[in-house]
């Protein structure tokens, strides 16, 4: 959870595009040097627009504050860019501080890799495959053409959301996030896959790594389908929203066919598994310290200097801009967000203005919790669990320069209050300042790189995964061995500590 960020959904998928092999003759030119002609240029307008988006995007997601990781990703990116059709462009590669599995470009030489995607890669060549794909979007002018207009428009919506904090605008920003996942359309994504493979191969990387990345997507999809079946819900896979995209295994099969046609150079291709693993050793996994960390049922945030507890057994999702907590049966849900404290407004004035004069309010009362002044009130309607018919408990607490906003709703109500109203109020009452002995608990979970032996078992390390369940499956996914594939004995693997 970060302060002053608008509401949006985290991205839950990676490249999510189409790979339709339209011909592989260009791949045979893997050793050919890249050349730049007058048509292989980026307009000053595109560069300037992307520079403005850079400021908005990095403020929205945050830059991952590990210069060694940033330098490594940039070095790989520059190597692939030099082998592209626009080697003279000033390319910029940025790792965003977000645990999502995603990467995108806004054009103008700006490419973004989410920290979460790095956790699921297992070689430098896989990183080169993703970067090559994004570079191809730029060189083939997918962003500057009609395919990119809706995406860029929604990046602008993110900027507006940052400036205004407007919830409606923030909803538009979530559409923009979905657009990045959706990509640029079937033909453009197919071309980016194909041309990206050419670029990474020219740079000396093993083209088979692109198939490996599609295998990551497929494993994620299979895991989500199995988990959804076990939990009795619909799977959250991209086919349900972007049905015009073929499955990752189709893309992987096409990539494998293309890679098989490439003639390997005498010195061999670069894969660099060990180099990559060493580069991400110690990288934050899940949420970072800047976003706050959930351990067991308690949330810790170093920069804000706070902690709060949630009921045991509730599922806690620490999202980039909020915390969501809900019961397993989703009968009750709670959200905590934070905004700058307004000047010259009491907690009551702030909350009533926030909810709008049109809302029917009840039971408003001032509260003081651990030396924090606040206000608590019920709305008679507005619950997201029953089409807006049920009541919602709102509490705001002022702490320093921040306003913490708690909102809780249940599917059922009693005496005009949500069924879990007492729980919602008790969560707010647990919020307090961190004790000095608790600051070590604000450190994020991190990747640790080990060398696998014949006796290494992921189950022995699974208890450290920051998830409610599926601990061993998560380790299998980040190591590319889901489901139940053998570990590569003698190779580096990832665990979480």
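No other residue among 190, 144, 150 is over 21 Å from residue 58 (Cβ atoms) and modelled with pLDDT under 70 apart from 150. Which members of the range 331-361 meet the condition of being exposed (fewer than 11 other Cβ atoms within 10 Å of the Cβ) and over 18 Å from residue 408 (Cα atoms)? Within the range 331-361, 343, 344, 357, 358 qualify. When residue 364 is tested against (1) surrounded by 15 or more Cβ atoms within 10 Å (Cβ to Cβ); (2) farther than 22 Å from residue 299 by Cα, just one condition goes unmet, and that condition is (1).
Residue 59 meets each of the listed conditions (1) outside any strand (DSSP E or B); (2) modelled with pLDDT of 95 or more apart from (2).
Annotation for the range 389-409: at least one member residue is free of Cβ contacts under 8 Å to residues at least 24 places away in the same chain and in the same structural domain as residue 333 (by TED's automatic domain parsing). Checked against the criteria, residue 88 does not count as part of a loop (DSSP other than H, G, I, E, B), within 28 Å of the chain's Cα centre (by Cα), assigned by TED's automatic domain parsing to the domain that holds residue 141 and at pLDDT 85 or above. A count restricted to the range 384-417 and to residues that are surrounded by fewer than 22 Cβ atoms within 10 Å (Cβ to Cβ) and part of a loop (DSSP other than H, G, I, E, B) stands at 12. For the range 127-140, the set of residues classified as within 25 Å of residue 493 (Cβ to Cβ) and more than 18 Å from the chain's Cα centre (by Cα) consists of 128, 129, listed by residue number.
The number of residues in the range 374-383 being assigned to a loop (DSSP other than H, G, I, E, B) and in contact with a helix residue (DSSP H, G or I) (Cβ under 9 Å, 6 or more places away or on another chain) comes to 1. The residues in the range 67-85 that are surrounded by fewer than 19 Cβ atoms within 10 Å (Cβ to Cβ) and touching a residue at least 40 places away in the same chain (Cβ under 8 Å) can be counted, and the count is 2. Among the residues making up the range 99-144, those that are under 17 Å from residue 50 (Cβ atoms), in contact with a strand residue (DSSP E or B) (Cβ under 7 Å, 6 or more places away or on another chain), touching a residue at least 60 places away in the same chain (Cβ under 8 Å) and part of a strand (DSSP E or B) are 103, 104, 110. Hey, among the residues in the range 204-241 that are in a loop (DSSP other than H, G, I, E, B) and surrounded by fewer than 24 Cβ atoms within 10 Å (Cβ to Cβ), which one's modelled with the highest pLDDT? That would be 204. Number of residues in the range 418-440 that are under 18 Å from residue 313 (Cβ atoms) and in a strand (DSSP E or B): the value is 1.
In the condition set (1) outside the structural domain of residue 96 (by TED's automatic domain parsing); (2) modelled with pLDDT of 90 or more, residue 286 is compliant with all but (2). Tell me the residue from 30, 18 that is at pLDDT below 50, crowded, with 16+ Cβ neighbours inside 10 Å, within 23 Å of residue 101 (Cβ to Cβ) and touching a helix residue (DSSP H, G or I) at 6+ places or on another chain (Cβ under 6 Å), please. So the residue among 30, 18 that is at pLDDT below 50, crowded, with 16+ Cβ neighbours inside 10 Å, within 23 Å of residue 101 (Cβ to Cβ) and touching a helix residue (DSSP H, G or I) at 6+ places or on another chain (Cβ under 6 Å) is 18. Does residue 178 satisfy the criteria of being at pLDDT below 80, outside the structural domain of residue 337 (by TED's automatic domain parsing) and part of a helix (DSSP H, G or I)? Yes: the conditions hold for residue 178.
The values are calculated or read from the model by the stated rules, or taken from the named source; none is laboratory data. Keep in mind the model is a prediction, meaning the values are calculated, not measured. Counting neighbours? That spans all protein chains shown, and the Cβs are built from the backbone with ideal geometry, glycine included.
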